[in-house]
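A quick write-up on the structure given underneath.
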């Protein structure tokens, strides 16, 4: 059984590295998109760009709530050009992270005074700690790892933040609307069943099925899990 687990873990790592390589290769050829947005709010505009580009758009609802009546027309323009035109007259900017478009405040570049920490604990679906999980603050483009007890703490400034939590062979999770607090958030991850579905155990050993793995990620609101 231990040998089988080791083989599964090796296959999981290999397949994730393969997917990562494919993503990097795809990002070198930036997509060109065509859109026609008239009198729409920013949330709708970003949703259209997400659909046309095939990339996931991540943002804080509070940051984009006040931007309405947006007009934007693009005909086979690069994604960068479209995003720059979209955000030109706003206090927002974007950056690309893998297959994600992250929308943040322009002020996030300045060294905002740290006001506290976002604290939490990462566990599996049974409540067991996940040491070494990666916790990334998307607005700050920085990350930390959970300790042996699954606990993490990361310093932040004023405002709300979005965390992306990832762990090998588990579904990644995005948690929105978190802010510095003395209260810890409990975040649980579930195994990525897609990885297991693509491994077949036979009398002769283990082989990978001929089908794509896909990308598994879920999103929750920080207020729903804060304790």
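A few remarks follow.
- Selection status of residue 49, modelled with pLDDT of 85 or more, in contact with a strand residue (DSSP E or B) (Cβ under 8 Å, 6 or more places away or on another chain) and either outside any helix (DSSP H, G or I) or outside the structural domain of residue 79 (by TED's automatic domain parsing) (or both): no
- Residue check, residue 122 under 30 Å from residue 67 (Cα atoms) and either at pLDDT 85 or above or in the same structural domain as residue 87 (by TED's automatic domain parsing) (or both): no
- Subset tally (residues that are modelled with pLDDT of 90 or more and out of contact with any helix residue (DSSP H, G or I) (no Cβ under 8 Å at 6 or more places or on another chain)) for the range 164-181: 9
- Test: residue in the range 180-192 that is surrounded by 15 or more Cβ atoms within 10 Å (Cβ to Cβ), over 20 Å from residue 92 (Cα atoms), touching a strand residue (DSSP E or B) at 6+ places or on another chain (Cβ under 8 Å) and without any contact (Cβ under 8 Å) to a residue 12 or more places away in the chain: no
The values are calculated or read from the model by the stated rules, or taken from the named source; none is laboratory data. Everything quoted here is computed from the prediction, not taken from an experiment. Counting neighbours? That spans all protein chains shown, and the Cβs are built from the backbone with ideal geometry, glycine included.
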